[in-house]
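Please read the structure below before turning to the comments.
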Amino acid sequence: MNKNLKPEDFKQYYFLKEDLKDFCRSEGLKISGSKQDLENRIIHYLATGKPLEEPVTKKVSCKSQSEITLDSKLGENFKCSEDKREFFENEIGKTFKFKVKFQKWLKANPDKTYRDAIDAYFEIQNSKEKTKIDKQFQYNQYIRDFFKDNDDKSLEEAIKCWKYKKSLKGHNRYESSDLEALL
């Protein structure tokens, strides 16, 4: 990847987040944020030669663990911080994890209480519905789709196919021809 790459060509390849950060560093661009944020900055930079103007957001202080109760509201802009993890681990158990579906529920329900969140956590855990994998997690989606078609194959084989696929120009979605190309 270099600054002479056209934005439409950039979009045709898969890059690791660390590679995106390295490019941003080398060009003096911000390196914070999600993979999607980095991609947007790079696309803008490749198109204009200028850094993307982004609004400055102020950090809001978090409540400490001692202030969180079952009846506390989740609040706007919920962050999965250590004090909140500790609270949920104390209430749910050491197996607690901030999984994607639960994180989305927390952010979408600022007026709910922590008690409501615990109920939602167990409901989500007991659900058989697969979590939708967001666009930036192409590897995870590829691996899921690979095993949907190839339940008799190993993770090693899935990763080998993924590495082959991401080296090609174009989309990174699984296709049965990926496996055939490696045989």
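The values are calculated or read from the model by the stated rules, or taken from the named source; none is laboratory data. From a predicted model like this one, the values you see are computed outputs, not experimental measurements. For neighbour counting, all protein chains shown are included, and Cβ atoms are generated from backbone atoms with ideal geometry for every residue, glycine included. Accessible surface is based on the protein model in full, side chains and every heavy atom, while ligands, DNA and RNA are left aside. Shrake-Rupley method; radii C 1.70, N 1.55, O 1.52, S 1.80 Å.
Considering only residues of the stretch 10-43 that are without any contact (Cβ under 8 Å) to a residue 12 or more places away in the chain and assigned to a helix (DSSP H, G or I), which is most open to solvent (accessible area, probe 1.4 Å)?
That would be ARG25.
Within the stretch 98-117, how many residues are open to solvent by 50 Å² or more (accessible area, probe 1.4 Å), assigned to a loop (DSSP other than H, G, I, E, B) and at pLDDT 90 or above?
Qualifying residue count, the stretch 98-117: 2.
Could you say whether any residue in the stretch 129-141 is among the hydroxyl-bearing types (Ser, Thr, Tyr), modelled with pLDDT under 90 and under 17 Å from TYR13 (Cα atoms)?
Among the residues of the stretch 129-141, at least one is among the hydroxyl-bearing types (Ser, Thr, Tyr), modelled with pLDDT under 90 and under 17 Å from TYR13 (Cα atoms), which makes the answer yes.
Hey, can you tell me all the residues within the stretch 154-183 that are in a loop (DSSP other than H, G, I, E, B), of a type in the set (D, E, K, R) and loosely packed, with under 10 Cβ neighbours inside 10 Å?
Passing the criteria: only LYS169.
Taking interchain pairs and intrachain pairs at least six residues apart, which have beta carbon atoms under 8 angstrom, with the first residue in the stretch 75-87 and open to solvent by less than 70 Å² (accessible area, probe 1.4 Å) and the second among the charged types (D, E, K, R) and modelled with pLDDT under 90?
These pairs meet every condition: ASP83/LYS63.
With respect to LEU52, determine if the residue is within 22 Å of the chain's Cα centre (by Cα), surrounded by 12 or more Cβ atoms within 10 Å (Cβ to Cβ) and either over 22 Å from ASP116 (Cβ atoms) or at pLDDT 90 or above (or both).
Against the criterion (within 22 Å of the chain's Cα centre (by Cα), surrounded by 12 or more Cβ atoms within 10 Å (Cβ to Cβ) and either over 22 Å from ASP116 (Cβ atoms) or at pLDDT 90 or above (or both)), LEU52 qualifies.
Does the stretch 136-153 contain any residue that is touching a residue at least 40 places away in the same chain (Cβ under 8 Å) and assigned to a loop (DSSP other than H, G, I, E, B)?
Within the stretch 136-153, one or more residues are touching a residue at least 40 places away in the same chain (Cβ under 8 Å) and assigned to a loop (DSSP other than H, G, I, E, B).
Go through the stretch 1-52 and give me each residue that's of a type in the set (A, V, I, L, M) and within 22 Å of LEU168 (Cβ to Cβ).
Hits for the stretch 1-52 are MET1, LEU5, LEU16, LEU20, LEU38, ILE42, ILE43, LEU46.
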